[in-house]
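Comments concern the structure below.
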Amino acid sequence: MSKVGILSMQRIKNYGSFLQAYALKTMLEKLGHEVEFVDYHVEEPIIKTEDNVKNDKMSKAIKALKGEEPLIQKIKYILHKKNFGKGYYKILNLTAESNYTPKLDTLVIGSDEVFNCIQENKNVGYSLELFGKNNNANKVVTYAASFGNTTLEKLKKFGKEKEIGNLISKFDAISVRDNNSGKIVEKLTNKKVIYNLDPVLAYDYIGECTLIPEIKIKEKYMIVYAYSGRISAEESDYIKEYAKKNNLKVYSIGGAQKCADKFIDCSPFEVLSYFKNAELIVTDTFHGSIFSIITHSNFVTLVRKSVGNAYGNEEKLTDLLERLSLKNRIIFEIEKAEFKLKEKIDYKKIDNIINKGRKESLEYLRKEV
């Protein structure tokens, strides 16, 4: 039995980060490996903003309480974030003490946005350990790693392309989940790139995971799955009016929302139950789109364009949905949602694509880990 470490976003407090970490751990254990999570030292972010310079708990709490979301939702969201680690880290066997540079047979870097280094998130920062620096493993590979909205142009702008390229060149095998990440690797190295599904798609949560509970909700509802502050006032007004017209309650998951009737604080596995029983989903996140897909839900994905150093998600979201033949679920304006939601999704076709990707993922992990 080989000892395998996963270097990922396992301590980021959101459902997508947790479920991708749990999925990859489960897949590797099924292949017979002894698996543990590896931590990295968080460094200063490349992009400095007033928010990430302060970054203290009081400033975060004050920011979370701003905005037009109902106060009760904002309080529940703050408590949700505060208690997330206590409630769910133990499922991943994470301890309060960080696990830096353990001795391993193989270190797997990924999945999630482990390579998104040109950003302002102080919880991640510009950490070269996410690119394999100072590891203590006999072999280093990646699995479905992503640069997120870090592009080759941004790496060049901040003078980091050579440093990142040198580190990536040392990997024994490279698997990415999106075209932007693959292009960066190919431009910076002479390495062959393998494209694999994000672990939440690669692991059959609905068919295999026994931790997903059944939930019974009498009222009909739709889900808004987005981080707090990302759904604009205009988008919220549209969603609220749409829900009223269709006799739906609005449940917010993953963030407090002005348009929501209720903020749902639940386990990561319960999230999939809520998605499965929803009438429809509006999301602007990568994993919110994946949760919708694996539960065969009717959904639309709001794609945000990058402007300067501001947040954008078009690189990863358009790539994900195009690969799964779901480009027709993309909207750039919320007013397009009603038209898109009337279109049926051929999930038989989508499942065929995913099943093929699952086989390829297992083949890669068997061969390289």
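For Arg230 and His296, what is the calculated FRET efficiency with R₀ set at 35 Å and r taken between the beta-carbons, to the nearest 0.05?
0.90
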If ligands, DNA and RNA are left out, what is the accessible area of Tyr274 with a 1.4 Å probe, given in Å² to the nearest 10?
40 Å²
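Quick one: pull the percent of accessible area on the chain belonging to carbon and sulfur, 1.4 Å probe, ligands and nucleic acids left out. Walk me through the numbers on the way to the answer.
Values: 8480 of 17090 Å².
Carbon and sulfur: 50 percent of the exposed surface of the chain.
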Could you work out how much longer the chain between Asp172 and Lys3 gets when fully extended? Use 0.36 nm per residue separation minus the Cα distance between them, nm to one decimal.
59.2 nm
Computed over segment 224-369, the relative contact order (Cα-Cα under 8 Å, seq sep at least six) in percent reads 17 percent
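Taking the highest mean first, how do the peptides 344-351, 164-171 order by number of other beta carbon atoms within 10 angstrom per residue? List each step's numbers first, then the result.
Values: 344-351: 12.4, 164-171: 17.4.
With the highest mean Cβ count within 10 Å placed first, the list reads 164-171, 344-351.
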Solvent-accessible area per residue, Å², over segment 179-297 with all protein chains present [probe radius 1.4 Å]:
42 Å²
If amide H atoms are built 1.01 Å from N in the plane of the peptide, which residues on other chains or at least 5 residues away come under 5 Å of the amide H of Lys262?
Val250, Ser252
Spelling out what I want: for every residue of segment 340-353, take phi, set θ = phi - 60°, compute 6.51 cos²θ - 1.76 cosθ + 1.60 (Karplus), and round to whole Hz; glycine and proline get x.
5, 5, 7, 7, 6, 9, 7, 6, 5, 5, 5, 4, 4, 5
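Could you size up the charge dipole of the chain around its Cα centre, putting +1 on the beta carbon of Lys and Arg and -1 on that of Asp and Glu, and report it in debye to the nearest 20?
That gives a dipole near 140 debye.
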Structure-based [θ]222 nm, the chain - -39500 (n - 2.57) summed over DSSP H runs of at least 4, per residue, nearest 500:
-12000 deg cm²/dmol
Which residue, Val42, Ile217, Leu365, has the largest displacement toward the positive end of the dipole of the chain when charges sit on each Cβ (Lys, Arg +1; Asp, Glu -1)?
Ile217
Please find the FRET efficiency linking Lys216 to Ile47, where r is the Cβ-Cβ separation and R0 is fixed at 51 Å, and quote it to the nearest 0.05.
0.65
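Of the cross-linked pairs Lys139/Lys356; Lys13/Lys262; Lys157/Lys367; Lys82/Lys249; Lys249/Lys344, which ones have a Cα-Cα span greater than 31 Å in the structure shown?
Details: Lys139/Lys356 27 Å; Lys13/Lys262 20 Å; Lys157/Lys367 36 Å; Lys82/Lys249 26 Å; Lys249/Lys344 22 Å.
Cα-Cα > 31 Å for Lys157/Lys367; rest within.
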Suppose the chain between Ser325 and Lys305 were pulled fully straight at 0.36 nm per residue; how much longer would it get relative to their current alpha carbon spacing?
5.1 nm
Projecting each Cα onto the charge dipole of the chain (Lys/Arg +1, Asp/Glu -1 at the beta carbon, about the Cα centre), which of Gly87, Ser181, Leu107 comes out farthest on the positive side?
Gly87
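I need to check one value: relative contact order of the chain, counting alpha carbon pairs closer than 8 Å and at least 6 residues apart, in percent. Kindly include the intermediate steps, with their values, before the conclusion.
Working: 657 pairs, mean separation 59.7, N = 369.
It rounds to 16 percent for the chain.
Can you give the FRET efficiency to the nearest 0.05 for Lys356 and Glu314, using r as the Cβ-Cβ distance and R₀ = 30 Å? Let's see the in-between values first.
Numbers: r = 25 Å, r/R0 = 0.84.
Efficiency, from the Cβ-Cβ distance: 0.75.
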Quick note, segment 276-369: a/c under 1.5 would make it rounded; otherwise a/b > b/c is prolate and the rest oblate (a ≥ b ≥ c, C-alpha gyration tensor); here it is oblate
For segment 99-191, what is the relative contact order in percent, using Cα pairs closer than 8 Å and at least 6 residues apart in sequence?
32 percent
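Using +1 on the beta carbon of Lys and Arg, -1 on that of Asp and Glu, and nothing else charged, what's the dipole of segment 145-215 about the Cα centre, debye to 20?
Numbers: 11 positive and 10 negative charges, 148 e Å.
Dipole about the Cα centre, nearest 20: 700 debye.
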Compute the long axis of helix 314-323 from its Cα atoms, compare it with the longest principal axis of the Cα atoms of the chain, and write down the angle in degrees, 0 to 90, nearest 10.
90 degrees
Backbone N under 12 Å from the Asn246 label point (7 Å along Cα→Cβ), restricted to segment 261-285
278-283
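The values are calculated or read from the model by the stated rules, or taken from the named source; none is laboratory data. In this text the structure is predicted, and so the values were computed from the model without any measurement. Cβ coordinates were reconstructed from backbone atoms using ideal geometry, including for glycine residues, and neighbour counts include every protein chain displayed. The area values use the complete protein model at the heavy-atom level, side chains included, leaving out ligands, DNA and RNA. Shrake-Rupley method; radii C 1.70, N 1.55, O 1.52, S 1.80 Å.
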